[in-house]
Amino acid sequence: VHVFNLDALTYAGSLENLKELPSPERHTFINGSILDQEFLNGLFQKHQIDTVVHFAAESHVDRSILGPGQFVQTNIVGTFTLLEAARKFWIQENNFQPSQTRFHHISTDEVFGSLAPGEPAWTEETSYAPNSPYAASKAASDHLVRSYGHTYGLPYTITNCSNNYGPYQFPEKLIPLIILNAIEEKPLPVYGDGQQVRDWLHVDDHCSAIHLVLTKGAAGTTFNIGGENQPANMTIVETICDILDEQKPRANGAAHRELIQFVKDRPGHDRRYAMDAGKIRRELGWHPRHNLTDGLLNTVDWYLAHPEWVLAIRKQLEYQAWLAKNYDTREKTA
Ligand code: TYD
């Protein structure tokens, strides 16, 4: 296949991420927005697009709390615009048979809300109960995709994944933020009591699941994808500290754990996420290859081995402004 990579290059996008592609001749980068209907219609026509894998989204909960409007635009209106382009080219203009096309939508476990300790993990049958503006915008986009399948016969699949981590992740998310702050000997901000639980999925395992759903999953279905690693945030932060004590000891010989700083909690902070990935395991034979121990080791190694990537991100003024906006005003609690 040939991949046309459409990206608006907003704050989290970077051409640095495309430097080590294994087969660059099968990839074309296109700078543009999923909010531009005419532009999207032209792309479908020009490149005879038969498959969409829709990753484009605003995805950081803290940003959705400080500025929800952009989430409504990109995640809801953007998904609608992309669906309209696919409907026009595939169905209204009848350029392909339904069996030749697929609209795959990438979504999140956050549409399901929050779990109490001991409650069973979410399945594909769990009702939606989004808590943050981010989660609500993703829930809305999932519903739009489903409705285009039901109403217009658009062949779609949806995957709801748990928290991703791994190489190239923008350092606003917990794991890369902690790795980079620890390397620079800056405070490691832990929200609230640090006992919130997430279900950590290595990005390579996520991508292998998406590929399976695209190639083997029936149209009109959804699958939950989870890493089946569910430690508390504090355990993640401590594990990263311990790995760095081995890989890159501090100049003064102190433990990285001493940099941990408890800060004021995120408003409406979801306590626990857990995905039941039984359906994709049973029906498509998927399973995660990374456990959290080797996944975190591999991720820390990647950030240590790519200082030029880190430098390019650090230089972005927007990133510095974000750190100041989200962290400088967050009062310390311990
Ligand atoms: P995050 O990576 O923002 O993902 P999400 O909110 O989608 O789960 O955060 C993961 C967890 O880590 C979440 O419980 C919030 C917490 N967290 C911190 O404790 N400190 C931080 O600086 C960040 C960014 C997150």
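The values are calculated or read from the model by the stated rules, or taken from the named source; none is laboratory data. From a predicted model like this one, the values you see are computed outputs, not experimental measurements. Note that we place each Cβ from the backbone using ideal geometry, even for glycine, and neighbour counts take in every protein chain shown. Accessible surface is based on the protein model in full, side chains and every heavy atom, while ligands, DNA and RNA are left aside. Shrake-Rupley method; radii C 1.70, N 1.55, O 1.52, S 1.80 Å.
Karplus-derived 3J(HN,Hα) values for region 218-229, using 6.51 cos²θ - 1.76 cosθ + 1.60 with θ = phi - 60°, are 6, 4, x, 10, 10, 9, 8, 10, x, x, 6, 10 Hz; glycine and proline are entered as x.
Sequentially through region 112-125, phi angles give Karplus couplings (6.51, -1.76, 1.60; θ = phi - 60°) of 8, x, 9, 9, 7, x, x, 5, x, 5, 6, 10, 5, 8 Hz, Gly and Pro residues having no value and appearing as x.
Computed from backbone phi with θ = phi - 60° and the Karplus coefficients 6.51, -1.76 and 1.60, the 3J(HN,Hα) list for region 210-216 is 4, 4, 5, 5, 5, 8, 10 Hz; x is used for glycine and proline.
Amide H contacts of residue 5 (H built 1.01 Å from N, in plane; Pro and chain starts excluded): 28, 29, 30 sit under 5 Å, all sequence-distant by 5 or more or on other chains. Once C-alpha pairs closer than 8 Å and six or more residues apart are averaged by separation and normalised to the residue number of region 252-334, the relative contact order reads 65 percent.
Relative to one another, the C-alpha centroids of region 133-148 and region 255-334 are positioned 24 Å apart. Rolling a 1.4 Å probe over the protein heavy atoms leaves residue 333 with an accessible area of roughly 80 Å². Our summary gives the chain a relative contact order of 18 percent, counting only alpha carbon pairs under 8 angstrom and 6 or more residues apart.
Counting only alpha carbon atoms, the long axis of helix 233-247 and the longest principal axis of the chain meet at about 70°. Principal semi-axes of the equivalent ellipsoid, √(5λ) from the alpha carbon gyration tensor of the chain, are 34, 22, 19 Å from largest down.
Of the whole protein surface, residue 330 contributes about 30 Å² of accessible area at a 1.4 Å probe radius. Comparing mean-square fluctuations of 217, 166, 69 from a GNM of the chain with C-alpha springs under 10 Å, the top value falls on 69.
Counting only DSSP beta bridges with both residues in the chain, the antiparallel share comes to about 5 percent. Mean separation of Cα pairs under 8 Å and 6 or more residues apart, divided by the residue count, gives region 79-229 a relative contact order of 28 percent.
The accessible-area ordering, largest first, of the residues 237, 203, 72 stands as 72, 203, 237, per a 1.4 angstrom probe.
Kindly count the pairs of lysines across region 165-319 whose alpha carbons are less than 21 Å apart, treating pairs on different chains or eight or more residues apart as eligible. Value for region 165-319: 7. For residue 272, the residues whose amide H sits under 5 Å from its own are 115, 197, ignoring neighbours fewer than 5 places away on the same chain, with H placed 1.01 Å from N.
Name the residue, out of 233, 160, 252, whose mean-square fluctuation peaks in a Gaussian network model built on the chain with Cα pairs under 10 Å. Comparing 233, 160, 252 in the GNM, the peak value goes to 252.
Taking the longest Cα principal axis of the chain as reference, the axis of helix 292-305 is set at about 80 degrees. Per residue, the accessible area of region 85-196 comes to 38 Å², computed with a 1.4 Å probe over protein heavy atoms only. Reported to the nearest whole Å, the Cα centre-to-centre distance from region 168-224 to region 37-83 is 20. A cut-off of 5 Å between modelled amide H atoms, ignoring neighbours fewer than 5 places along the same chain, links residue 188 with 260, 261.
What number, rounded to the nearest 500 deg cm²/dmol, is the helix-based mean residue ellipticity at 222 nm of the chain, given -39500 (n - 2.57) per DSSP H run of at least four residues and division by all its residues?
-11000 deg cm²/dmol
Please give me the summed charge of the neighbours of residue 234: other residues whose Cβ is under 11 Å from its Cβ, Lys and Arg +1, Asp and Glu -1. Provide the component values of the computation, followed by the final result.
Values: positive: 257; negative: 193, 238.
Overall, the nearby charge balance is -1.
What does the charge count around residue 121 come to, taking other residues whose C-beta lies under 10 Å from its C-beta (Lys +1, Arg +1, Asp -1, Glu -1)? So the environment of residue 121 carries a net charge of -4.
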